[in-house]
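The structure under discussion appears below in the form of structure tokens.
What follows is calculated from the coordinates using simple rules that are stated; it is not laboratory data. Predicted model only: the values in this text are computed from it and were never measured. Cβ sites come from the backbone with ideal geometry, for glycine too, and all protein chains shown count toward neighbours.
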Amino acid sequence: MEQLYLRGLRIVAAPLSFRIGIAGMKIAIAIIFLWIGALKFVPYEADSITPFVANSPFMSFFYDDPKDYKSHLTREGELDPAKRAWQVSNNSYGFARGLGTLELLIGGMTLIGLWNRKIGLVGTFLAFGTPFITLSFLVTTPEAWVPALGDAEHGFPYLSGAGRLVLKDVALLAGAWLVLVATARELLEAQRGSQTYGQPNRVQLSTKTAGS
């Protein structure tokens, strides 16, 4: 039994297993950014991020009327023509499309990293930086916490659905960092290999010098 246990550990710890894990993490990061980025072009997704953007000191200036967002929120699947018109005038959809384009770019570059390390490095670096913005929503967005509507459990540390959605970016942050480290190591090893390949053989040089 112990031999099987140790054999299993060796398989998991093998270099091939590590490379598979890093490739899987690249694909996972790409799926998150590509899928959610594409959804930013759909009104319901643009509506859902309104509280985050309207309360963010880094993003609220993109909206024309960020202070009036609460009276124009809709539920997923709901169509309210008046609220939809306000979102249009607020530039909610213009901002969402811009953000979606950036997320598609990050996801695409991260996925290309399976074949091109340098492009993947840039994409993963951007993927690593994004959670610092999104996690700040836990501080700036009131809707990230359960509201005080009568129940005893509200406010910190009781995350709402929106807050739980944001919290997942902790894993994205850690995963992107692991991919960054692995990619940087691969690029350095490739650089060292090319330098070694380009240097003349010292043994051959010394032989030629002795025989001359």
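Points worth noting:
- Choice from Ala82, Ala152, Ala30 with maximal GNM fluctuation in the chain (Cα, 10 Å cutoff): Ala152
- Gaussian network model of the chain, springs between alpha carbon atoms under 10 Å - residue of Gly77, Gly150, Gly120 with greatest fluctuation: Gly150
- Entries in Lys26/Lys83; Lys67/Lys168; Lys40/Lys83 that, when Cα-Cα distance is taken, lie over 29 Å: Lys26/Lys83
- Cut-off under 5 Å, modelled amide H: who pairs with Trp145 long-range: Ser160
- Cα long-axis angle, helix 2-13 against the chain (0 to 90 degrees, to the nearest 10): 80 degrees
- Residues Asp65, Asp47, Asp169 in ascending order of nearby Cβ atoms (within 10 Å, fewest first): Asp65, Asp169, Asp47.
- Taken along its three principal axes, the alpha carbon spread of segment 63-155 comes to 52, 36, 24 Å, from the longest extent down to the shortest.
- Crossing angle, helix 92-112 versus the chain [Cα axis fit, 0-90 degrees, rounded to tens]: 20 degrees
- Cα long-axis angle, helix 202-211 against the chain (0 to 90 degrees, to the nearest 10): 30 degrees
- This structure gives Kirkwood radius over Cα pairs in Å, computed directly, and of [x] 17.8; [y] 20.7; [z] 18.6 that value is listed as [y].
- Residues Glu143, Glu186 arranged by fewest to most Cβ contacts within 10 Å: Glu186, Glu143
- Put in line by how crowded their Cβ is, counting other Cβ atoms within 10 Å and starting with the fewest, Phe125, Phe18 read Phe18, Phe125.
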